[in-house]
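Visitor: One structure, as structure tokens, below. Some questions next.
The values are calculated or read from the model by the stated rules, or taken from the named source; none is laboratory data. On a predicted model such as this, the values are computed, not experimentally measured, just so you know. Here Cβ is always computed from backbone atoms with ideal geometry, including for glycine, and neighbour counts include all displayed protein chains. Just so you know, the surface numbers come from the protein's heavy atoms only, side chains and all, with ligands and any DNA or RNA stripped out. Shrake-Rupley method; radii C 1.70, N 1.55, O 1.52, S 1.80 Å.
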Amino acid sequence: MLAYRHGFHAGNHADVLKHLVLTRVLRYLGEKDKPFRYIDTHAGAGGYLLKGAQAQKTTEYREGIGRLWSRADLPPLTADYVRLVQEFNLQPDENGQAPVLEKGMTPPLALYPGSPSIARQLMRPGDSMRLFELHPADARTLATHFGGKNVQVINEDGFAGLKGQVPPTPRRALVLIDPSYELVQDYGKVVASVRDAVQRFAEGVYMVWYPQVSRVEAVQLPKRLTALAPKGWLHVRLTVAQPDAKGFGLVGSGVFILNPPWTLHQELAAELPFLVDTLAQFDDASYLLEEQPA
Ligand SMILES: C[S@@+](CC[C@H](N)C(=O)[O-])C[C@H]1O[C@@H](n2cnc3c(N)ncnc32)[C@H](O)[C@@H]1O
């Protein structure tokens, strides 16, 4: 049985990096007048209560989205992502009540959107979604909130399920592979899934998130992915914290993209110094940004 629940980590520094990049890639796909499919192999619950027991137990969101929430000086990509999170916080609650705000006021930070919600905010009527989630409780939550014509929630293994999803019709898609890496085998499964999917659908955009932890599999993952990218890749990593006294802990995270938007490197280069300054939990916070253009 899976123990990992994203509710404990929603909105942390790793979600900030992942969702900021996700927002930009989805915007890019939406620029062309041709539908795309969003395939999320590890979708989570779709949305999270930051005042709920899980998020309150760790309060990780305070060092992530919490540090960006009320800032008026956000650079463009970060501002766009934060705006989406703010819109998500303007939804009516279960009693039908939405926060009432004066013009220009920021809503209180109470909710955090998962990757499916961010995608839904950016989808156009012809676009579609396939959401895999293995944990039964999270899959149920997802199914409750995500229905409709162009959306399928699939309570199955996303690594195995990806095979049947590529190539999609029409042949335009973003695949987000965002495992919890609770099992060390996940690193190898990411590589195998991407290799297989790229053989079937080389022109797809693939986005892999990984944790920056003291584990050889995590360190090797981006290198292994570079070998699978036929048409170019981009790798971004944001290091914000120090390891704990035993040398463990999530010190940062990375996102590896196959077939990235061609402007992304330049755009991220302009944002990352701000993110390092704003999300740093120690003096030597840093970023890495590298690419192999198409
Ligand atoms: C990091 S969370 C996903 C977060 C989500 N993508 C987001 O950004 O909001 C990873 C999720 O994968 C689920 N999971 C773990 N193994 C899985 C598998 N083999 N297939 C599908 N889902 C899996 C976990 O239950 C967890 O909800």
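Visitor: Among the trypsin sites (Lys or Arg not before Pro) in the range 106-156, which ones are in a DSSP loop with at most 11 other Cβ atoms within 10 Å of the Cβ? Mind listing them? Please list the in-between numbers first.
Guide: Details: sites: 120, 130, 140, 149; in loops: 149.
Those that pass, being in a loop and sparsely packed, are 149.
Visitor: So for the chain, averaging the separation of alpha carbon pairs under 8 Å that are six or more residues apart and normalising by length, what relative contact order in percent results? Write out the running numbers ahead of the final one.
Guide: On the way: 527 pairs, mean separation 61.1, N = 294.
Relative contact order of the chain: 21 percent.
Visitor: In whole angstrom, and with the biggest value first, how far do the Cα coordinates of the chain range along each principal axis?
Guide: Sorted largest first, the three principal extents are 51, 48, 41 Å.
Visitor: Once neighbouring chains are kept in place and the probe is 1.4 Å, which whole percent of the accessible area of the chain is contributed by carbon and sulfur? Show your work: numbers first, answer last.
Guide: Working: 7070 of 13570 Å².
Percent of accessible area from carbon and sulfur atoms in the chain: 52.
Visitor: Note the direction-averaged projected area, equal to a quarter of the hull surface, for the Cα convex hull of the range 13-106, in nm². Kindly include the intermediate steps, with their values, before the conclusion.
Guide: Working: hull surface 31.9 nm².
Dividing the Cα hull surface by four gives the mean projection, 8.0 nm².
Visitor: I've got another one for you. Report the far tail of the P(r) of the range 74-178, meaning the percent of Cα-Cα pairs longer than 16 Å. Walk me through the numbers before you get to the answer.
Guide: Values: 3628 of 5460 pairs.
Summing the P(r) tail past 16 Å for the range 74-178 gives 66 percent.
Visitor: If a helix is a whole DSSP H run, which ones in the chain reach 24 Å or further along their own axis (Cα) and hold a mean Kyte-Doolittle hydropathy of at least 1.6? Spell out each step's value before the answer.
Guide: Numbers: long enough: 13-31 (28 Å, 0.25).
Helices meeting the criterion: none.
Visitor: Mind listing the long-range amide H neighbours of residue 250? Cut-off is under 5 Å, sequence gap 5 or more, other chains count too, H placed in the peptide plane at 1.01 Å from N.
Guide: none
Visitor: I've got another one for you. Accessible area per residue for the chain in Å², computed with a 1.4 Å probe and the full protein assembly in place, what is it?
Guide: Details: 13570 Å² over 294 residues.
Normalised by residue count, the accessible surface of the chain is 46 Å².
Visitor: With 10 Å bins from zero, work out the P(r) of the range 1-42 over every alpha carbon pair and list the percent per bin.
Guide: 22, 41, 26, 10, 0
Visitor: To continue, here is another question. Each residue of the range 206-214 in order: what ³J(HN,Hα) in whole Hz does its phi give by Karplus 6.51 cos²θ - 1.76 cosθ + 1.60, θ = phi - 60°, with x for Gly and Pro?
Guide: Coupling constants for the range 206-214: 10, 10, 10, 9, 9, x, 8, 9, 7 Hz.
Visitor: Turning to a different aspect of this structure: Gap in Å between the Cα centre of the range 269-283 and the Cα centre of the range 11-27?
Guide: The two parts, judged by their Cα centres, are 15 Å apart.
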